[in-house]
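Chemist: First the structure, then my questions, so here it is.
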Amino acid sequence: MVIQTEGLTFNFGNQTVVKSLSLQVPEGSIYGFLGPNGAGKTTTIKLLLNLLQSHEGSIKIFGLDFRAHRKEILSQVGSLIEQPAIYAHLTGKENLLNRAILLQVSPKRVDEMLELVQLTTAAGKKAGKYSLGMKQRLGIALALLSDPKLLILDEPTNGLDPNGIIEIRQLLKKLVAEHNKTVFISSHLLAEIERMATHVGIINNGELLFQGDVKDLEAISQPLVYIETSNIVDAANLLTKNSYTVADINEDAISVIYQSKEKTGEINALLNQHGYTVYSIHKVQKDLEKLFLDITQTAAK
Amino acid sequence: MKGFLLSLRSEFYKSRKTLGFWSAILLPLILITLISLGFYTHSSKLAHLPGLMLWMQFAGAVLNIMGALLLPMFVIFIGYSVNAIEHKADTWKTLFSLPIAKWSVYSAKFAYALLLVFISLLLFALFTIGFGNLLGLLKPELKFAGTHMELTLFQIYFKLFLSALGILSIQFLLSLLWSDFLKPMGIGFVCFIIGVISVGVNWEYAYLIPYAHPMLALKSMIPHTKGFDPNKMAIDIFTQDVFVSLAVFAVVFVAGFFIVQRKSVK
């Protein structure tokens, strides 16, 4: 395990922000740490980096205790917490060079990082004048500068445009696949995590609701096929007769439990053959709130 | 030690384009240039003074403004500026998650503030000597040449430096803990006023107030003996106020580290 916590607890005054958290992040995984805003994600990350002192529980990173091996651990960890920490009066490149001094990394590596996050042309521009997306990319470059084994990223796709999000996703996948890194990434977007994570931990109100393989999550989150068609009621009856499970039906559309791409195609063909016009048909994810409800209900059973 | 040196290098690298850094150079340069201009334009009135008196007038004009008035404010500003750079950029969390001991990060930052004050006061001494000699060249009727008070000047500014350490340590800690400008600045200013008043009324315990130390340092500089001979001027560096300043510095510096270590990084 790259990150292992046991009974991790943290209070802000009387309020318990993180409750007895036991994380298990295996090596070579992209661990998606999922939860709504205010669930305790950033607090947990700050605890992992020892920026906040935990009140109870233990943290082990690379199997080492933080207190005794602080320097050893931190030299292998790159992090991006909340908004990227950037000196606005320095250029993008100077921000990286400053960090390179502290980490004893060669200036050549700075150029490579600028290239990697596609900031080479903006390298000489003051970082304060960067757009939010550029700042985020610079933050990721700063986190990657020391070539760490473990990357801890707090909502790294915040403020990025769709292209930027795809680039970051591809970059992280590549780092894990080709460079044997482990990535711990937090997000409040289920779809975002499902697209790239291999493992998932779901936190709400400071408690870990679910932890495991992303496939196990899919079993709970169970996506739906959303179908807009003519004559909704008859179409729903036809689908039920053909042993599709209709999860929801309203004035505009039918929602059927998703099985596979092929099955979705078959639904489309079936409706067409029986004379129903399909206006739209697509896969939808459950939203986080619905997912939490399902998880808690599953746990109750 | 390596972490300390790396942090110190980084402090210089990131602040070299800020007012905090440049104020240490510009303050002595501007102040001494202005006073030199005054001497240059009024050279005829000063031509009758013997060399030593002229030097004392020239250096005294700078010292009266800098030592008594500007030094505490400058120190308050430096304490603020080395910390504000991290508050503004929200970089405390990155500084304290570097593979460098917290102690090194903290002490390097402190040492950098100390260094800026030291450099500034060193430049005051050097510029005073340089501009005095330049005036002597440009206006030969001013008898700067031939008289030397380099050693005395270095001693005076060294004493001022030591007397400023108490204020620096307190202001550094306040600025580190509070991200806004007004709190440390306001507290510093009020304490400075108290210091000025306590020295003004000759309060016997004024030497216990760090903010009064630069003024006291100037007052206690020359031993008050009868029949003072300017040619045999000796600077008394280690006076009571300087010892208090050093003690405050040591205590607050160490206490500051324990506060930083326990403090949560927001």
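Matching residues to (1) under 26 Å from A:ASN204 (Cα atoms); (2) open to solvent by 90 Å² or more (accessible area, probe 1.4 Å); (3) among the acidic types (Asp, Glu); (4) at pLDDT 90 or above:
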| site | (1), (2), (3), (4) |
| --- | --- |
| A:ASN250 | no, no, no, no |
| A:TYR279 | no, yes, no, yes |
| A:GLU289 | yes, yes, yes, no |
| A:THR296 | yes, no, no, no |
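Chemist: Identify all residues within the range B:85-127 that are polar (S, T, N, Q) and within 30 Å of A:GLU72 (Cβ to Cβ); write none if there are none. So that I can check it myself, show each step before the final result.
Modeler: Taking the range B:85-127 and keeping what is polar (S, T, N, Q), we get B:91, B:94, B:97, B:104, B:107, B:120.
Within the range B:85-127, B:THR91, B:THR94, B:SER97, B:SER104, B:SER107 meet the criteria.
Chemist: Yes or no: the range A:137-155 includes at least one residue that is at positive phi and crowded, with 21+ Cβ neighbours inside 10 Å. Steps first, please.
Modeler: The first filter runs over the range A:137-155 and keeps only residues at positive phi, leaving A:147, A:155.
Now drop any that are not crowded, with 21+ Cβ neighbours inside 10 Å, which leaves A:155.
The answer is yes; a qualifying residue exists.
Okay, residues lined up against (1) within 25 Å of A:HIS89 (Cβ to Cβ); (2) within 14 Å of chain A (Cβ to nearest Cβ); (3) surrounded by fewer than 19 Cβ atoms within 10 Å (Cβ to Cβ):
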site	(1), (2), (3)
B:GLN57	no, no, yes
B:ALA68	no, no, yes
B:VAL82	yes, yes, no
B:ILE100	yes, yes, no
B:LYS109	yes, yes, no
B:LEU122	no, no, yes
B:THR128	no, no, no
B:ALA145	no, no, yes
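Chemist: Name the residues in the range B:3-22 that are of a type in the set (Gly, Ala, Ser) and more than 10 Å from chain A (Cβ to nearest Cβ), would you? Walk me through how you get there before you give the answer.
Modeler: Of the residues in the range B:3-22, the ones of a type in the set (Gly, Ala, Ser) are B:3, B:7, B:10, B:15, B:20.
Residue satisfying the conditions is B:GLY20 alone.
Chemist: Let me ask something else about it. Is it the case, given these coordinates, that B:ALA111 is assigned to a helix (DSSP H, G or I) and within 20 Å of B:LEU176 (Cα to Cα)? Walk me through how you get there before you give the answer.
Modeler: Values: assigned to a helix (DSSP H, G or I): yes; within 20 Å of B:LEU176 (Cα to Cα): yes.
Judged against the criteria, B:ALA111 is a match.
Chemist: Anything in the range A:93-136 that is within 23 Å of B:PRO99 (Cβ to Cβ) and within 23 Å of the chain's Cα centre (by Cα)? List them, or say none.
Modeler: A:MET113, A:LEU116, A:VAL117
Chemist: Please give the helices (runs of 4 or more DSSP H) falling wholly within the range A:191-282 in which 3 or more residues are farther than 30 Å from A:LYS181 by Cβ and of a type outside the set (Ser, Thr, Tyr).
Modeler: So the answer is A:232-241, A:261-273.
Chemist: Would you pick out the residues in the range A:132-152 that are over 17 Å from B:ALA89 (Cβ atoms) and more than 13 Å from every other protein chain (Cβ to nearest Cβ)?
Modeler: Applying the first criterion (over 17 Å from B:ALA89 (Cβ atoms)) to the range A:132-152 yields A:133, A:144, A:146-152.
A:GLY133, A:LEU144, listed by residue number.
The values are calculated or read from the model by the stated rules, or taken from the named source; none is laboratory data. Quick caveat, the model's predicted, so the values are computed rather than measured. As a convention, Cβ positions derive from the backbone with ideal geometry for all residues, glycine included, and neighbour counts pool all protein chains shown. Ligands, DNA and RNA are excluded from the accessible area calculation, which covers all protein heavy atoms including side chains. Shrake-Rupley method; radii C 1.70, N 1.55, O 1.52, S 1.80 Å.
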